[in-house]
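See structure below.
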Amino acid sequence: MTTSGLTTLGTDYKVIRRNGTVSPFEPEKITSAITKAFIATEGSNAAASPRVHETIYALSKEITKSLTRRGISGRTFHIEDIQDQVELALMRGGHQKIARAYVLYREERNKSRQAETSVQPVARQQIKITQEDGTEIDLDQGRLETIITEACAGLENTSKEKILSETERNIYDGISSAELALAPILAARTLIETEPDYSYVSARLLLDKLRTEVLSFIFEQNQTATQDEVAVIYPDYFQAYVKKGIEAELLDPELGRYDLKRLAGAIKPERDTLFQYLGLQTLYDRYFLHLNENRIELPQAFFMRVAMGLALRETDREEKTIEFYNLLSSFDFMCSTPTLFNSGTRHPQLSSCFLTTVPDDLGSIFKSIKDNALLAKYSGGLGNDWTPVRGLGAHIKGTNGESQGVVPFLKVANDTAIAVNQGGKRKGAVCAYLETWHLDIEEFLDLRKNTGDDRRRTHDMNTANWVPDLFMQRVKEDAAWTLFSPDETPDLHNLYGRDFQQAYENYETKAKNGDLRTHKKVRALDLWRRMLTMLFETGHPWITFKDPCNIRSPQNHVGVVHSSNLCTEITLNTSSEEVAVCNLGSINLAAHTNSSGIDHDKLERTTKTAMRMLDNVIDINFYTIPEARKSNLRHRPVGLGLMGFQDALQKQRIPYCSEAAITFADESMEAISFHTITASTDLAEERGSYTSFKGSLWSKGILPIDSMALLKEQRNNLDYDASSKLDWNKLRKRVKKVGMRNSNTMAIAPTATISNICGVSQSIEPAYQNLFVKSNMSGEFTVVNAALVNDLKSIDLWDDVMISDLKYYDGSIGEIDRIPQDIKALYATAFEIDSSFLIEAAARRQKWIDQAQSLNLYLANPSGKALDSLYQLAWERGLKTTYYLRSKSATHVEKSTLKGTDGKLNAVATNMVAPISGPQICSIDDPECEACQ
C-alpha cells in the first residue's frame, strides 16, 4: 500500500504535541494507527487483505484532507484533532467496531496521562510569538485573556475558561502572530454546536483580528484595540479610512466632501458585536475593501460607506446617510450583494440583475454575449431570453444553409460566464430561458446532462423553461404540441394569453398545410414528463410561467416579459433596445415581528427608507452598457423583498407546515406590499413619476392584488383568496392621482448571503437543517438553530446526547422520540415539510407582488407523480416562477462519536430516508454554487 499521495497532502503542516512541542505532520502515522486498530480488532490476517489495505488508505486520505483543510492558518493542528478525525472517519465509513476499540484505547491513554500529570506536574513555559518581520516577542497572556473575556461579555451561556483552555492547547512556542490571532477564533468555533452563543463569541474574536489588521494598516504602525478601546478610536479611524480609500482610488472622491466628522459621530461601534460568526467571516472574506491584501474597513465603516454611496445625490447628504446607515447596521434591512460590494466606490455598479433578449442575427448574438461579460464584471446576475434565435435546421437566407440552432451559442455564453468571475468575489452566473414551443426545446432540456456530445452541453449555465399557459392546458388534455422555429413564427415571442393561443393555433394550421418549412409535432404530456425528468436528473431547466408574468405585469403597455433573471424573482420587459435592470434589497421580517405579530409602525418606517435607498441606486448606478441605462432610467424598477420568514414564524410559535403559516405569509406580504407601494407613491410626489407611468396598470388604479382578476379572466382554473386587511381603496386613488416612482417595486430574492450577514433564515425558505455545516467560498461553518436550542434547554433536553442525535439525523429532530411533538412541528426542516404548503404560502404572497419570488421546492423522495402534482399546483395557483428543486445530499453533518464516562459510543437507532444518488438535484450546501448569493 503506497502512502506517497498522503505525504504530498501533508507537506509543510505541523502537529502540536500534548507537551506543547511542534513536529512535522506525518500522514503515514495515521495509516499506521488505523492499521494497528484493524489488527487489534480483526486480527492480522484480516488486516493484511488487499481490500482492507484499500480501505485503510482511503480512510487515511480522507483524514489527511480534512485536517489540512481545517488547520489553524491552514498549517497547524493539535494531536487531539488528528485523533478526533480518525474517530469520525471510522464512524462515517461504517467501521463501528474498530471505532469503538479506538475510542476505548484513547480513553485509557488519557487516564494514564492524567495520572502521570497528577504525580509530576509540568511547568508552563513562556510562549514566544514570531512576528511578520521574524522577530520574537513574549505572548501577552493578559491581553489574550482580556479579548476572550470581552468576547463572552453579555453571553451568560458561554465560558471564557473553555475558550482560553482550548486556545492554549493550540498555541506553541514560536507560533506566528497570524496563527495566534486565529487560535481563539477556532477554539470558540468548536463550541458553537454545543451553545449557539459561541457564534457571537467567534465573531467578536474575529473582530479583534480584523481590528488589528485594519488599524495597523490605516495608522501605519502596529496597533491593537479591544472593543472598548475601538469605540474611542472609531471617529479618527473612519476619517483616516475615507482619506486612504480615496488616495488608493478605491473610494469615490466625492465621499471626501461629506462632513466626515458628523458621520463619524453617528457611528455606533457597539453594533460590531451584533454579528454571528458566519456573517462577519463572510464580510471579512468577500465584502470589506482591501488594499495590498489588507482590509481597510471595520464593519461600521463598511455600512457607513455603503450609506454614503447611496446618499450621494440627496439634498442633505449627511442626514440621509445616517438614516441609511442606521437601517443597514441594525440589520433591519440589507442591500443586495452588488450594492454592498460597490456602493461608494469609483465603479458603483449597484444593480443586482440584468435581463436581456438575444436577437436572431450573428452580430447581435455575439454583442449579447459581450454584454453578458460587461454586465457580469461588476457582480450582476444575468437572465438571457434566447427564444428569438432560430432553431436547428432552420433556413439561413444569407448563406442558403441551415442553422445549427441555439445550443452552440449557449455553449459560448456558458464559457463566457465562467471566464468573468467578478474579480474572485463570486462566480459569474447566467440563466438562459427558452419558450416551450421553440424547435430546440428538446436539446435545451439536455444542456446540463453529463452524457452526450460535450460541445452541446452547458455544465455551468442555469437554464429555465418559459412556459405558456396553452402548453399546460395541452398537458392536462393530453393533446399534441407543435414546435416551431421563431424565424417563421416571430410574433409568438411577443404574444401571451388568448392572443398567443390564436396565433399559435394559426401556425399549427399552416404547419399542417405544409406552409411552414421547419416544425415538429410532439405529445405535450411526453414533453412535460421529459421536462420534469431533466429537472429531477440535472436540476434544470427550472419551470417558469410566461402568461401570469405578462398578464399581471404593470408594464404590459410598453413591452413584454420574455424571461426572468438568474434567480427567477424578476419579471421585467426586455427587447433588442432595452436591457432590464433591477435593484434589490430585503427587509428582515424577523426584526419586524414579535410574539404578537407584525410591528406595522416599524415596518412602515423601514420600508419608506429602504425604497428611497433602492430608488437612489438607479441614478447613482454605473451602467456598463447603454441599453441598461436607458431601460433603468425610463422605468425605474426596484425589487424590495424579505428574509427571515422562518424566524418570524418561530417567534410566533407557528409551524411552517400549517394553515397559520400560510395566513401569516398572506398578512406579512400584504403589509410589505402596502407600505412599499405607499413609499413609491411618496417618492413620486417628491421626485416625479417614472417616465412610462401613463398607460400602466398603476395609472389605471390596478394594483398587484387587482391584477389577479386579469389572470382569472384569461383562465378558468384560477382560484385565489382575494381577502385583504388594509385600506387599499384609498391607496388606489392616491396611486392614480400622484403616480408611482417605480414601475415595479417588489421581488423576493434568495438572500443566501445577506441573510447570513444578518444572522437570519434565508428569504422565505424553511429551515434547511437545525444543525449543519455550511460550506461556501468563505469556508465551512457550523450553523445551529438557536431558537431550537433555547426551547430544548427550557425542558432540560439540551445535552451532549442531543447534539450527537442531531448530527446523526442530519439536523432533523423528527426521529428523536424524547422531543415533544409541538417542538418537532415548530422546527420541522425543509425536507419534512409537505412542499404543497410552500406553494400555498407562495400563492398568498404572489397576489401582493408585482414581480415574482425565488421559490425553492423540497422533496426528500422525488417521483414522477410527486413532481407532476407539485408543478401543476404551482401553475394552477397562479405562481409566476419556481426556482430550484432540492433534495438531500448523501451527508450533511459529521456524525461524531460521543464518549461518556464509561467510554461507550453513543448508539442511535436509524430510520433515515435514503438520499438520492448522483448529481441530479441542486444541493443546498454545494460550496461551488453561489448563483443565488
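No lab work stands behind these numbers, since they all come straight from the coordinates. The structure displayed is predicted, hence computed values, not measured ones. Virtual Cβ from ideal backbone geometry, glycine too; neighbours counted across all protein chains shown.
Looking only at region 310-349, which residues have a backbone nitrogen under 14 Å from a spot 7 Å from the Cα of ASP460 in the C-beta direction?
No residue qualifies, since no backbone N sits under 14 Å from the label point.
Over the chain, what lengths in whole Å, largest first, do the semi-axes of the equivalent ellipsoid take, defined as the square roots of 5 times the eigenvalues of the alpha-carbon gyration tensor?
The answer is 49, 35, 27 Å, longest axis first.
On a 28 Å Cα-Cα criterion, which of the cross-link pairs LYS397/LYS512; LYS510/LYS865; LYS397/LYS630; LYS320/LYS847; LYS608/LYS630; LYS602/LYS736 come out too long?
Exceeds cut-off: LYS510/LYS865; LYS397/LYS630; LYS320/LYS847.
What's the magnitude of the charge dipole for the chain around its Cα centre, counting Lys and Arg as +1 and Asp and Glu as -1 at the beta-carbon? Answer in Debye, nearest 20.
The calculation lands at about 1260 debye.
Under a point spin-label approximation (7 Å from Cα along Cα-to-Cβ), what is the ALA419-SER176 distance to one decimal in nm?
According to this spin-label approximation, the distance is 3.6 nm.
For THR149 and GLN221, compute 0.36 nm times the residue count separating them, minus their Cα-Cα distance, and round to one decimal in nm.
Gain on extension, THR149 to GLN221, equals 23.4 nm.
Kindly provide the trypsin sites (Lys or Arg not before Pro) of region 469-556 that DSSP labels as loop, not H, G, I, E or B, and whose Cβ sees at most 15 other Cβ atoms within 10 Å.
Taking region 469-556 and a limit of 15 other Cβ atoms within 10 Å, the loop trypsin sites (Lys or Arg not before Pro) found are ARG517.
Kindly state, as a whole number, the per residue volume in cubic angstrom of the convex hull around the alpha carbon atoms of region 157-257.
Cα convex hull per residue, to the nearest whole number: 131 Å³.
State the extension gain, in nm to one decimal, for the chain segment bounded by ARG346 and SER596, taking 0.36 nm per residue of separation less the distance between their alpha-carbons.
85.5 nm
Along Cα→Cβ, 7 Å out, is where each label goes; now give me the distance between the ones at THR135 and VAL522 in nm to one decimal.
Output for this residue pair reads 7.2 nm.
When the Kirkwood hydrodynamic radius is evaluated over all pairs of different C-alpha atoms of region 130-330, what value in angstrom, to one decimal, is obtained?
Averaging 1/r across every pair of different Cα atoms and inverting gives 17.7 Å.
Using Cα-Cα distances under 8 Å and only pairs 6 or more residues apart, what relative contact order does the chain have, in percent?
Result for the chain is 11 percent.
Which order do the peptides 168-175, 321-328 take when ranked by the mean count of other beta-carbon atoms within 10 Å per residue, highest first?
Highest to lowest by the protection proxy: 321-328, 168-175.
Just from the alpha-carbon atoms, what are the Rg and Dmax of region 642-696 in angstroms?
When restricted to Cα atoms, region 642-696 yields Rg and Dmax of 16.3, 45 Å.
Using only the Cα atoms of region 779-838, build the gyration tensor, take square roots of its eigenvalues as a ≥ b ≥ c, and label the shape rounded, prolate or oblate: rounded if a/c is under 1.5, else prolate if a/b is larger than b/c, else oblate.
Since a/c reaches 1.5 but b/c is at least a/b, the shape of region 779-838 is classed as oblate.
As a test, work out the antiparallel percent of DSSP beta bridges whose residues both lie in the chain, rounded to the nearest 5.
50
Could you list the chymotrypsin sites (Phe, Trp or Tyr not before Pro) in region 487-582 that lie in coil according to DSSP, counting only those with at most 10 other Cβ atoms within 10 Å of their Cβ?
For chymotrypsin sites (Phe, Trp or Tyr not before Pro) across region 487-582 that sit outside H, G, I, E and B with at most 10 neighbouring Cβ atoms in 10 Å, the list is empty.
By how many nm would the segment from ASN450 to ASN326 grow when fully extended, if each residue of separation counts as 0.36 nm and the alpha-carbon distance is taken off?
Additional length available on full extension: 39.8 nm.
Nearest 500 deg cm²/dmol is fine: what mean residue ellipticity at 222 nm does the chain get from its DSSP H runs of n ≥ 4 alone, each adding -39,500 (n - 2.57), divided by its residue count?
The per-residue figure over the chain is -14500 deg cm²/dmol.
Roughly what angle does helix 198-218 make with the longest principal axis of the chain, taking Cα atoms, 0 to 90 degrees, to the nearest 10?
90
For the pair ASP619/ASP236, report the inter-label distance in nm, with labels modelled 7 Å from Cα in the Cβ direction.
Between ASP619 and ASP236, the label points sit 3.8 nm apart.
Report, to the nearest 10°, how far helix 835-846 tilts away from the longest principal axis of the Cα atoms in the chain, using its own Cα long axis and a range of 0 to 90°.
60
I'd like the FRET efficiency for HIS53 and GLN652, computed as 1/(1 + (r/R0)^6) with the beta carbon distance as r and R0 of 60 Å, rounded to 0.05.
0.55
So if we plug the beta-carbon distance of ARG313 and ASP800 into 1/(1 + (r/R0)^6) with R0 = 45 Å, what FRET efficiency do we get, rounded to 0.05?
After rounding, the FRET efficiency stands at 0.20.
Trypsin sites (Lys or Arg not before Pro), restricted to region 748-857: which are DSSP loop and have at most 16 other Cβ atoms within 10 Å?
ARG818
Using only Cα atoms, tell me the angle between helix 728-738 and the longest principal axis of the chain; keep it within 0 to 90° and round to the nearest 10.
Between the helix axis and the principal axis of the chain, the angle is about 70 degrees.
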